[in-house]
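The values are calculated or read from the model by the stated rules, or taken from the named source; none is laboratory data. Model, not experiment: these values are computed from the prediction. As a convention, Cβ positions derive from the backbone with ideal geometry for all residues, glycine included, and neighbour counts pool all protein chains shown. To get the accessible areas, we keep the full protein, side chains included, count just its heavy atoms, and leave off ligands, DNA and RNA. Shrake-Rupley method; radii C 1.70, N 1.55, O 1.52, S 1.80 Å.
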Amino acid sequence: MTTTAGRVRSAGPVLHPRICAALTAVSCLVHLWLAASGHHDAWLGALMIALAAVCVPCTVHIWRHSRMGALHQVTVSALAMVFLHTILLLGSGGAGHAHSGGPASKVVDTSGAAELLLVIGLELTTALLAATLVARLRPRVLPGGAR
């Protein structure tokens, strides 16, 4: 399929993969920002940089070609992040990340919980977009084996 300018137009969905890739890129940027902010230990910052580095190639593959392998990896990674951040949220009594030298009073600090809920929402949205794109790109098999 070509456009009036003579460029080849993609046969599959275009907006869906672009949104999925953009959201994955936002997740990478959030990891890099958190690593650079210095609110976490150095090893955790290095881990966040490594996670972002692993996700960047998938972002490019989804943006350009909607590769199934990249979509599967993004879905699994996003769900793993949801699980990890949910454990952090529940394990800290709803107070967010457990940092050394916590609040001196018995009042619950909910600022960390709000941040974790935002991260969980971002990762759930990323996983949902990637999974629905896989479903859209999967060849349909009609009854009787015809496609």
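Could you tell me how many of the residues in segment 89-112 are at pLDDT 65 or above and either in contact with a Leu (Cβ under 6 Å, 6 or more places away or on another chain) or not in a helix (DSSP H, G or I) (or both)?
Total meeting the criteria: 2.
Just name the residue that is modelled with the highest pLDDT out of those in segment 15-42 that are surrounded by 11 or more Cβ atoms within 10 Å (Cβ to Cβ) and assigned to a loop (DSSP other than H, G, I, E, B).
Asp41
Got a number for residues in segment 51-68 being farther than 16 Å from His85 by Cβ, part of a helix (DSSP H, G or I) and open to solvent by less than 50 Å² (accessible area, probe 1.4 Å)?
Number satisfying all stated conditions: 3.
Might you let me know whether segment 43-56 holds any residue that is at positive phi and at pLDDT below 95? Steps first, answer last, please.
Let us first name the residues in segment 43-56 that are at positive phi, namely none.
Looking for residues that are at positive phi and at pLDDT below 95, one finds none in segment 43-56, hence no.
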